[in-house]
1. Which residues, counting only those in the range B:19-53, are assigned to a helix (DSSP H, G or I) and of a type outside the set (S, T, N, Q)?
2. Which one of these is in contact (Cβ under 8 Å) with a residue 24 or more places away in the chain, of a type outside the set (Val, Ile, Thr) and not in a loop (DSSP other than H, G, I, E, B): B:154, B:114?
3. Just give me the residues in the range B:1-18 being surrounded by fewer than 24 Cβ atoms within 10 Å (Cβ to Cβ), part of a helix (DSSP H, G or I) and within 8 Å of chain A (Cβ to nearest Cβ), in sequence order.
4. Report, ordered by the first and then the second residue, all pairs with beta carbons closer than 7 Å, sequence separation of six or more or different chains, a first member in the range A:101-128 that is facing chain B (nearest Cβ under 7 Å), and a second member that is hydroxyl-bearing (Ser, Thr, Tyr) and surrounded by fewer than 18 Cβ atoms within 10 Å (Cβ to Cβ).
5. For the range B:29-38, does any single residue satisfy the condition of being more than 18 Å from residue A:116 (Cα to Cα), β-branched (Val, Ile, Thr) and facing another protein chain (nearest Cβ under 9 Å)?
6. Looking at the range B:142-157, which of the residues that are hydrophobic (A, V, I, L, M, F, W, C) and out of contact with any Asp or Glu (no Cβ under 9 Å at 6 or more places or on another chain) is nearest to the other protein chains (Cβ to nearest Cβ)?
7. Is it the case, given these coordinates, that residue A:209 is of a type outside the set (Phe, Trp, Tyr), modelled with pLDDT under 95, assigned to a strand (DSSP E or B) and surrounded by 15 or more Cβ atoms within 10 Å (Cβ to Cβ)?
8. Where the second residue is surrounded by fewer than 16 Cβ atoms within 10 Å (Cβ to Cβ) and the first is within 14 Å of chain B (Cβ to nearest Cβ) and lies in the range A:152-167, which pairs have Cβ atoms under 7 Å and are six or more apart or on separate chains?
Amino acid sequence: MCAMRPEHEPKRAVSGPSGDQEAVGEDSALERAEASAGKTVLTPEEIRRALSRIAHEILERTHGGEGVVLLGIPTRGVPLARRLAARIGEFEGAPVPCGSLDVTMHRDDLRLRPARALQRTEVPPDGVDGKTVVLVDDVLFSGRTVRAALDALNDLGRPRAVQLAVLVDRGHRELPIRADYVGKNLPTSYREMVRVLLTETDGEDSVLLGERAR
Amino acid sequence: MKRHLISAADLSRSDAVLILDTAAELASVAGRPIRKLPTLRGMTVVNLFYEDSTRTRTSFEAAAKRLSADVINFSAKGSSVAKGESLKDTALTLEAMGADAVVIRHGASGAAHRLAGWVTGSVLNAGDGTHEHPTQALLDAFTMRQRLGGVAQRGNGLDGLRVTIVGDVLHSRVARSNVLLLAVLGAEVMLVAPPTLMPYAVDTWPCKVSYDLDAELRKTDVVMMLRVQQERMSAAYFPTVREYRRRYGLDAGRMALLPDHAIVMHPGPMNRGVEIAAEVADSPRSTIVAQVSNGVIVRMAVLYLLLGGAGEEA
């Protein structure tokens, strides 16, 4: 329990595939400074447009959002899922159920780092059985977080189909996983890191690309 | 914080709150069709019980199994302990079998601490003599927060909560662990017991002491009744059970003195009719059954946080 971390510390400000960025120190002020010096690849307007487009694409592909459940992967997938749900509600007039899915207990890198605090898992009251679940995350990188999410989802029920929406796809997949809806394809090198900031968690909207320290 | 859980004093406030928050998230797993998580797959948890136990052993076993760990149950009866094997030799045997965690209950205070020096895995104290029982204190704190903590509980301690612990404090490891943990979480603890059952140097504990139960009941949020531990009593601590019951037992009349929101707790096993009357134990105010189900999720949280990560932070 050595690794217990204060509860409300903003986690994973630096985002690889929703936090499984290998060597990126979560707490390093140096790296944060480094990242904040990075260049902006998505502005607030571009993020808004990308989410609107994804919302339309989800509606198109699911024939009007019939039976769709949005599940955000903490930390930043959750506000993204809420925004998408709100957008879909605006476009179609019918609300889409939205929740969160914590994948911590299903990760394959648990033994590589100290035990982490669990995040919220909130499944909409109707559950996921027979639904089209759209997993929502901020950055798609190695694909390991998504694999963990698929496992976690398996324990919750049996969706009719599972799709994946991400704000940024930065490449470097280590598993046979791809996204169905992508905000921006961002070719990166391993040395770079992508940092997603959202108003709900960070006070502002933007996506930054910076060099990883060391 | 270390890789063992020997004493409630090992926990800082942030550690304790993290355990409660983790348990709160794990509570949702209990309501799912598949009540299992893959987190501790391939790990071995040994339950090493030198004293009788129903709740604690089964609770640890259920917790470890829900996290997919393998569980080996070991009780002193019917083992080589009956042939005179020492704790150390038993521990080394278990070590050789590759135990990642040892849950120990032992009649001698300090047994868990000694064991921690002999094995490489984590040691979880499930009660050592009259010393400590930290997971019981954690599940009690979790139950208090669940019942009285209001809506947004995540990240909160138990600040300002008034807790009255009544009965055989002298022999109670539950009381000791609770006092230490509740103080860290910000609760105000009051101990009420016959003078003969108040521990030596209780004035050094982070709590207050009273001998007047009725006065304390009127202003408490939680009353926790302790079992009168006849099996540990080597002398006459009170004249008769009847007299004990009349002065320190919780019956329906006394329960009526409690504020409306107050809850009644008991770590179990109960002596119905001694420290707690049957109608009190079965009343809606009693959290005794909730304490048992919370025991499993709190122990899952502790096992996850001790074993689920990489160990010591560099």
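The values are calculated or read from the model by the stated rules, or taken from the named source; none is laboratory data. Remember, it's a predicted structure, so these values are computed and weren't measured experimentally. Glycine gets a Cβ as well: all are built from the backbone with ideal geometry, and neighbour counts include every protein chain shown.
1. If the condition is that a residue be assigned to a helix (DSSP H, G or I) and of a type outside the set (S, T, N, Q), then B:19, B:20, B:21, B:23, B:24, B:25, B:26, B:27, B:29, B:30, B:31 are the ones that fit.
2. B:114 is the lone residue from the list that is in contact (Cβ under 8 Å) with a residue 24 or more places away in the chain, of a type outside the set (Val, Ile, Thr) and not in a loop (DSSP other than H, G, I, E, B).
3. B:14, B:15
4. Close Cβ pairs (under 7 Å, with a partner that is hydroxyl-bearing (Ser, Thr, Tyr) and surrounded by fewer than 18 Cβ atoms within 10 Å (Cβ to Cβ)) amount to A:121/B:28.
5. If we filter the range B:29-38 for residues that are more than 18 Å from residue A:116 (Cα to Cα), which is where we start, we get B:30-36.
Now narrow it down to the ones that are β-branched (Val, Ile, Thr): B:34.
Adding the requirement that they be facing another protein chain (nearest Cβ under 9 Å) leaves B:34.
Checking the range B:29-38: at least one residue is more than 18 Å from residue A:116 (Cα to Cα), β-branched (Val, Ile, Thr) and facing another protein chain (nearest Cβ under 9 Å).
6. Of everything passing the filter in the range B:142-157, B:152 is nearest to the other protein chains (Cβ to nearest Cβ).
7. yes
8. Short answer, once both residue conditions are applied: A:155/B:32; A:155/B:34; A:156/B:32; A:157/A:129; A:158/A:129.
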